[in-house]
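Each reported figure results from applying straightforward, stated rules to the coordinates on display, with no laboratory input. Here the structure is a predicted model, which is why all the values come from computation and not from measurement. FYI the Cβ positions are ideal-geometry reconstructions off the backbone, even for glycines, and counts take in every protein chain you see.
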Amino acid sequence: MTQRLAHTMAYFCSKQGGKLPSIILAMMIYVADWKSAIERGVTITDIAWKKTEYGLPYTDDILNTAKTYSHYFSVTESNLDKEYFEISLKAMNYPFQPSPEEQETFKFVENLFYEKRTWKELSDIISSTYPMISKTTSLLNLPELAKEYVGYVLPHLNNRRVARAVG
């Protein structure tokens, strides 16, 4: 757990009125990490992502970070399900300014999540990302999977598109 993760959590929470369900926050941070891994070869956070049986990313790091940085965050257990939590900023003036590259990545994530998508649409998008459909079953090394994706998968997808367009 790093301050970098706390900064990222605070950024996304602040854009949603100061609070987010932990599962949505996790999905947003996963997309930011995956996009950063593809574009820059590194993730924004140092989260040890795992793949759930439902094909969605999972980590305990977000909840643990919220508890560690309790002077910035509060954690509320869901009334409906004891496995889900809401993470809230205690103050909206969290001292964090993302880098220009992070701002670009965060804007992409915001657009993806704030376009009034349903839970099913969001989970379908996330579960269709390369790390979620890859054969990797344990911890996900996003920078390594991004290299594989950019070096092998994307070129093959582009060749199929060209073949279909020409044929």
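Taking each residue as 0.36 nm, the span from V75 to D60 lengthens on full extension beyond its C-alpha to C-alpha distance by 4.1 nm. Hey, can you list the DSSP H helices of the chain whose Cα span along the axis is 15 Å or longer and whose average Kyte-Doolittle score is at least -1.0? Length and hydropathy pass: 3-14, 22-40, 100-113, 154-166.
Identify the residues of the range 31-67 with backbone N under 17 Å of a label point that sits 7 angstrom from the Cα of S128 along the Cα-to-Cβ direction, or state none. Residues 31, 35, 55-57 fall inside that zone. Over every Cα atom in the chain, the radius of gyration and the widest Cα-Cα span, Dmax, amount to 16.7, 60 Å. Under a model in which nothing but the beta-carbon of Lys, Arg (+1) and Asp, Glu (-1) is charged, the range 56-136 shows a dipole of about 80 debye around its Cα centre.
Rounded to the nearest 500, what is the chain's calculated 222 nm mean residue ellipticity when only DSSP H runs of at least 4 contribute -39500 (n - 2.57) each, over all residues? Intermediate results must be reported in sequence, preceding the final value.
Working: 8 runs with 86 residues, N = 167.
-15500 deg cm²/dmol, from helical runs alone.
With the simple model of a label 7 Å out from the Cα in the direction of the Cβ, N111 to K67 spans 3.7 nm. Once the Cα-Cα distance is subtracted from the 0.36 nm per residue extended length, the Q16 to T52 segment shows a gain of 10.4 nm.
Over all distinct alpha-carbon pairs, what is the Kirkwood Rh of the range 1-79 in angstrom? Provide the component values of the computation, followed by the final result.
Working: mean 1/r = 0.0773 Å⁻¹.
The answer is 12.9 Å.
Pairs with C-alpha atoms separated by more than 25 Å, drawn from the list K19/K120; K51/K120; K15/K35; K67/K116; K67/K147; K19/K147, are K67/K116; K67/K147; K19/K147.
Put a plus charge on the Cβ of each Lys and Arg, a minus charge on the Cβ of each Asp and Glu, and nothing anywhere else: the dipole of the chain about its Cα centre is then about 360 debye. Each Cα pair under 8 Å and six or more residues apart adds its sequence gap; the mean of these over the residue count of the chain is a relative contact order of 29 percent.
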